[in-house]
Amino acid sequence: MLHVQNLSKSYGTFQALRDVSFSTPGGEVFGLLGPNGAGKTTLLRILATLLAPTSGRVTVNGLDTLQQAEAVRRCIGVVNGGMGLPQYLTGREVLRSFAAFYGLTHAQTEARIAELDARLDLGRTLDTRAGEYSTGMKQKVVIARAVIHDPAVLVLDEAASGLDIFARRTLLDFVAQTRAPGRLTLYSTHVMSEAEEVCDRVAILHQGQLVALDSIPAILQRTGERNLERAFFALLRGGEDHAV
């Protein structure tokens, strides 16, 4: 579902990504972990066709992000912590407009909105203007908007940022439900407890380099730590001792 080959990205003399390579199959929630500045968002922006790499190649669902960018955009959904919504549209109007962009019929759109209402507990957000939303309400509609076309690959970049405990629980439960054959969810976060709960495997980035990639039980065994947060710090401290 995702293949990253020798990926590098430079901004002048600063290297945000350094020769990163990994692959992920379908049927899993794949975590992308690292401190601020590790290169997570840069990698995800390249995947989403928003940035071009300095070197290397990325394919999403068999599609090249440079050569087949439009096709890639049709098969992905993207959510980050800072996305906005048109203030004067209701949630239902937002979802209908994005469904139209993807060519869904009226019947398909209404069925999908009903499904997402059940899964994300959209409730009154559907018929309330976005300008009146709390942070949690807004993020639920942003997530629903990203998946209205039922994408094969879902990218969540710090999607739980700023959410209260109820909205965060809804998000994590939703992420767990996305695990299915032929589907891939990329979950980028610096909150280790979230990754430990929902991710099947994780990649850990530090200073633009891939430090580790494995299942969480394997990483805990390798580091001898009892939870992912402690293992994360052990990997960053150990560098070459625990590297991929």
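Evaluated at 20 °C with a viscosity of 1.002 mPa s, what Stokes-Einstein diffusion coefficient in µm²/s does the chain have when Rh comes from the Kirkwood expression over alpha-carbon pairs?
Working: Rh = 18.6 Å.
Using the Kirkwood radius from Cα pairs, D works out to 115 µm²/s.
Students often get this wrong: which residues of the range 17-58 have the backbone nitrogen under 19 Å from the point 7 angstrom along Cα-to-C-beta of E225?
Residues 30-40 fall inside that zone.
With a cut-off of at most 16 other beta carbons within 10 Å, and DSSP calling the residue loop, which trypsin sites (Lys or Arg not before Pro) in the range 51-122 qualify? Please list them.
Numbers: sites: R57, R73, R74, R92, R96, R112, R119; in loops: none.
Sparse-neighbourhood loop trypsin sites (Lys or Arg not before Pro): none present.
Find how much the distance from S97 to D214 grows on full extension, using 0.36 nm per residue of separation minus their present alpha carbon separation; answer in nm with one decimal. Each step should come with its number before you reach the end.
Numbers: separation 117, 0.36 × 117 = 42.12 nm, distance 3.92 nm.
In short, 38.2 nm is gained.
Grab the other residues whose beta carbon is less than 13 angstrom from that of T42, score K and R as +1, D and E as -1, and report the net.
My count for the surroundings of T42 gives +3.
Classify the range 22-154: rounded, prolate or oblate, from the alpha-carbon gyration tensor (a ≥ b ≥ c, eigenvalue square roots; a/c under 1.5 rounded; otherwise prolate if a/b is larger than b/c)? Each step should come with its number before you reach the end.
On the way: a/c = 2.09, a/b = 1.60, b/c = 1.31.
Prolate, because a/c is 1.5 or more and a/b exceeds b/c.
Could you pull out every residue, at least 5 positions away or on a different chain, whose amide H is within less than 5 Å of the one on L32? Hs are placed 1.01 Å off N in the peptide plane, and Pro or chain starts have none.
For L32, the qualifying residues are Y187, S188, T189, A203.
How do T189, T170 rank when sorted from fewest to most other Cβ atoms within 10 Å of their own Cβ?
T170, T189
Taking the Cα centre of the range 84-150 as the origin and placing charges on Cβ (Lys, Arg +1; Asp, Glu -1), which of L122, T109, V142 is farthest toward the positive end of the dipole?
V142
Counting each DSSP H run of 4 or more residues in the chain as -39500 (n - 2.57), what helix-only mean residue ellipticity at 222 nm follows after dividing by all residues, to the nearest 500 deg cm²/dmol?
On the way: 9 runs with 92 residues, N = 244.
After summing the helix terms and dividing by residue count, I get -11000 deg cm²/dmol.
Counting other Cβ atoms within 10 Å, which trypsin sites (Lys or Arg not before Pro) in the range 164-216 have at most 10 and lie in a DSSP loop?
Working: sites: R168, R169, R179, R183, R201; in loops: R179, R183.
Answer by residue number: there is no such site.
Nothing charged except the Cβ atoms of Lys and Arg (+1) and of Asp and Glu (-1): what's the magnitude of the dipole of the chain about its Cα centre? Round to the nearest 20 debye. Show your work: numbers first, answer last.
Working: 25 positive and 25 negative charges, 71 e Å.
For the chain, the charge dipole is close to 340 debye.
Please rank Y88, Y133, Y187, fewest neighbouring Cβ atoms within 10 Å first, as an exposure proxy. Spell out each step's value before the answer.
Numbers: Y88 9, Y133 19, Y187 26.
If I rank by nearby Cβ atoms, fewest first, I get Y88, Y133, Y187.
Calculate the dipole size of the range 84-150 relative to its Cα centre from +1 charges on Lys and Arg beta carbons and -1 charges on Asp and Glu beta carbons; express the result in debye to the nearest 20. All intermediate terms of the calculation are to be shown ahead of the outcome.
Values: 9 positive and 8 negative charges, 31 e Å.
Rounded to the nearest 20 debye, it is 140 debye.
What shape does the range 84-150 take by its C-alpha gyration tensor, where a ≥ b ≥ c are the square roots of the eigenvalues and a/c under 1.5 counts as rounded, a/b above b/c as prolate, and the rest as oblate? Could the numbers behind the result be given before it?
Values: a/c = 1.87, a/b = 1.46, b/c = 1.28.
Prolate.
Using the alpha-carbon centroid of each, what span in Å lies between the range 28-63 and the range 158-225?
15
Every read-out reported here was derived from the displayed coordinates using simple, explicitly stated rules and does not represent laboratory data. Small disclaimer: the values here were computed from a predicted structure and weren't measured. With ideal geometry, Cβ positions are generated from the backbone for all residues, glycine too; neighbour counts draw on all protein chains shown.
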